[in-house]
1. Could you list all residues from the range A:66-79 that are touching a residue at least 12 places away in the same chain (Cβ under 8 Å) and touching a Phe, Trp or Tyr at 6+ places or on another chain (Cβ under 8 Å)?
2. Report yes if B:G65 is out of contact with any Cys (no Cβ under 8 Å at 6 or more places or on another chain), of a type outside the set (S, T, Y), within 20 Å of A:K85 (Cβ to Cβ) and surrounded by fewer than 20 Cβ atoms within 10 Å (Cβ to Cβ), otherwise no.
3. Need the failing condition index for A:A89 against (1) away from chain B (no Cβ under 14 Å); (2) within 17 Å of B:D80 (Cβ to Cβ), just the number.
4. Where the second residue is in a loop (DSSP other than H, G, I, E, B) and modelled with pLDDT of 90 or more and the first is closer than 23 Å to B:R52 by Cβ and more than 9 Å from every other protein chain (Cβ to nearest Cβ) and lies in the range B:1-13, which pairs have Cβ atoms under 6 Å and are six or more apart or on separate chains?
5. Here's a check for you: in the range A:31-57, which residue that is more than 16 Å from B:D80 (Cβ to Cβ) and of a type in the set (A, V, I, L, M) is surrounded by the fewest Cβ atoms within 10 Å (Cβ to Cβ)?
6. Any idea which of (1) free of Cβ contacts under 8 Å to residues at least 40 places away in the same chain; (2) out of contact with any helix residue (DSSP H, G or I) (no Cβ under 7 Å at 6 or more places or on another chain); (3) within 14 Å of chain B (Cβ to nearest Cβ) is the one A:Q39 doesn't satisfy?
7. How do the pairs read when you match residues in the range B:23-35 that are farther than 11 Å from B:V48 by Cα and free of Cβ contacts under 8 Å to residues at least 12 places away in the same chain with residues anywhere that are of a type outside the set (V, I, T) and part of a loop (DSSP other than H, G, I, E, B), using Cβ under 6 Å and keeping only pairs 6 or more apart or on different chains?
8. From the list A:V18, A:V70, pick out the single residue that is within 12 Å of chain B (Cβ to nearest Cβ) and closer than 26 Å to B:G97 by Cβ.
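The values are calculated or read from the model by the stated rules, or taken from the named source; none is laboratory data. All of these numbers come straight from a predicted model, not from anything done at the bench. Every residue, glycine as well, gets a Cβ built from its backbone with ideal geometry; the counts of neighbours run over all protein chains shown.
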There are 2 protein chains.
Amino acid sequence: MSWLDEVPWNGHDLIAVVTQDAASGKVLTVAWMNREALQQTVEKKEAVYWSRSRKKLWRKGEESGHVQKVLEVRLDCDADAVLLKVEQAGGIACHTGRESCFFRKLENGKWVTVDPVLKDPALIYKR
Amino acid sequence: MSWLDEVPWNGHDLIAVVTQDAASGKVLTVAWMNREALQQTVEKKEAVYWSRSRKKLWRKGEESGHVQKVLEVRLDCDADAVLLKVEQAGGIACHTGRESCFFRKLENGKWVTVDPVLKDPALIYKR
């Protein structure tokens, strides 16, 4: 049996993927993978997700250059999730130009943006 | 508008929640919350999830004592996820008695258990 068969794919044949910067420990993104995305991620050692909105494989960084080099792949006990530890090219994982997608923090009943934009998205996606 | 209304609840009125140890940076669990679970989590400053299998609120640690004290709550840009930074009571988040639920690592095409059991689950859930 392949290691891919041991992944608890959900009803949509997807699994949630938490991606963490291996050096800083920051949680960068939560995204989704199907079987092919996970297989390609492991083979290429670069994160490939399944875009639920575009319904296609999405090689992280294909437009932005912000590729995620995969150092480690982990599976959890039962909650149906994969954890990737990566080296984040450019130090930017979020399409808003921030290091992490989790840049809003709950403070006194409000979601407050607490992390800076490191690069203007207009410059990241300028092609 | 309440901060709860700004959360992008999915079709099942749930959101995925990544929980990270605030001190070590380890990703401990991925679980789910509904609106009430998130509200209680913020009010009590202790993690309360929605158990999809048991279909009820699940105060983390209610049986095991392994409560998660919530230090920070973050929301991501668009992937529909919440990040909690917590202090993990007992240093054990997983029902298998391990620190993290992500104790299996992909090595040469196999999921290998790489993290130790810190406490026998039979002792954790002995009541």
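1. The one that is touching a residue at least 12 places away in the same chain (Cβ under 8 Å) and touching a Phe, Trp or Tyr at 6+ places or on another chain (Cβ under 8 Å): A:L75.
2. Numbers: out of contact with any Cys (no Cβ under 8 Å at 6 or more places or on another chain): yes; of a type outside the set (S, T, Y): yes; within 20 Å of A:K85 (Cβ to Cβ): no; surrounded by fewer than 20 Cβ atoms within 10 Å (Cβ to Cβ): yes.
No: the conditions fail for B:G65.
3. For A:A89, the failing item is (2).
4. As it stands, the answer is B:D13/B:N34, since those pairs meet every condition given.
5. As a first pass, look at the range A:31-57 and keep what is more than 16 Å from B:D80 (Cβ to Cβ): A:34-48, A:55-57.
Retained after the next criterion (residues that are of a type in the set (A, V, I, L, M)): A:37-38, A:42, A:47-48, A:57.
Values: A:A37: 24, A:L38: 25, A:V42: 17, A:A47: 28, A:V48: 24, A:L57: 15.
Checked the range A:31-57; the qualifying residue surrounded by the fewest Cβ atoms within 10 Å (Cβ to Cβ) is A:L57.
6. Only one criterion in (1) free of Cβ contacts under 8 Å to residues at least 40 places away in the same chain; (2) out of contact with any helix residue (DSSP H, G or I) (no Cβ under 7 Å at 6 or more places or on another chain); (3) within 14 Å of chain B (Cβ to nearest Cβ) is unmet by A:Q39, namely (2).
7. Close Cβ pairs satisfying both conditions: B:G25/A:G25.
8. On the way: A:V70 fails: closer than 26 Å to B:G97 by Cβ.
The conditions single out A:V18.
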